[in-house]
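Inspection log for the structure reproduced underneath, given as structure tokens.
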Amino acid sequence: MKRTILFAVASVTAFLAIVIGTNTDVSAGIVADYEFNNDFTSSVAGAPDLTLFGLAGSFSSTTIGGNSQNIYTFGASTGLDFDNTSSHLGQHFGSTYTVAMLMEFDTLSYFTRLLNFSGGVNDYGLYYEFGRLRNYYYGAGSYYDLIVAVPNQYATVVLTNDNSGTIRGYVDGSLQWTQSYSAYWAYSENTVPGNLIRFFKDNGGEDDPGSVARIQLYDHVLSDSDVANLDLSEASMTSTPEPTSLAIFGIGALCFGGAAARRRRKEKLAAEA
């Protein structure tokens, strides 16, 4: 009996070492999470509300990946602003950060603006170009022919900046490009009226109507595996057992089993007396 219990303890201990050692919480370091439940508020305390730039759109719901999802539908020449004056993502976005969004465009022009760090006053920023993700800075930039966005189809777009000279762009968990940035990026981030990041609205008409289901901002860089596993749909909010919780459950089950075994042994000894 002792050998059985010792073996069980050793097994659970090994399980704990594996589970706890590999358990990473992607939500740690999230500074804002916008779910568009009939407003522009963040579910993360302390984050500013998004503000509307241009004509008001509408809130509704749709089905994304088989799940019901709140969305905000916007027209062309309309944007949403995130106010970073309280340095939620570091001063002038100079610290490490990740921006993630689940959205779609009704149409896709030659260039379609996704986001800009200068409050929309210049042409720098993240775009779709013919449906391919591109970081544009006056004629330069890169995109690879990996994933081509399709009108009326939701995609998860992620941008990371490690503040050491590298930015990465992802679509639906797949790395599209890695770029080394230079003075242009610092310039675009520090000429920020009110220190704003603007979504969807371009400074020169290169924008299209669409809908956004979720926007998240982090104060750190999500790894390739984090981005690959990122789920911005409603399904990601479903309560599921965390690995650590499962480990605790395993310990409880072991203790209960050990106590039951000891009780049966006592009952057997009493019956034989």
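Computed quantities for the displayed model
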{"read-out": "Qualifying positions in the stretch 197-219 - assigned to a loop (DSSP other than H, G, I, E, B), within 18 Å of L52 (Cβ to Cβ), at pLDDT below 90 and not charged (D, E, K, R)", "value": "N203"}
{"read-out": "Neighbours by Cβ (under 6 Å, 6+ apart or cross-chain): first from the stretch 110-122, at negative phi and among the β-branched types (V, I, T); second buried (at least 20 other Cβ atoms within 10 Å of the Cβ) and assigned to a loop (DSSP other than H, G, I, E, B)", "value": "T112/D208"}
{"read-out": "Test: residue in the stretch 183-196 that is out of contact with any Phe, Trp or Tyr (no Cβ under 9 Å at 6 or more places or on another chain) and at pLDDT 85 or above", "value": "no"}
{"read-out": "Positions within the stretch 25-43 being assigned to a loop (DSSP other than H, G, I, E, B) and modelled with pLDDT of 90 or more, in sequence order", "value": "E35, F36, N37, N38, D39, F40, T41, S43"}
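The values are calculated or read from the model by the stated rules, or taken from the named source; none is laboratory data. Keep in mind that what you see is a predicted model, and the values were worked out from it rather than measured. For neighbour counting, all protein chains shown are included, and Cβ atoms are generated from backbone atoms with ideal geometry for every residue, glycine included.
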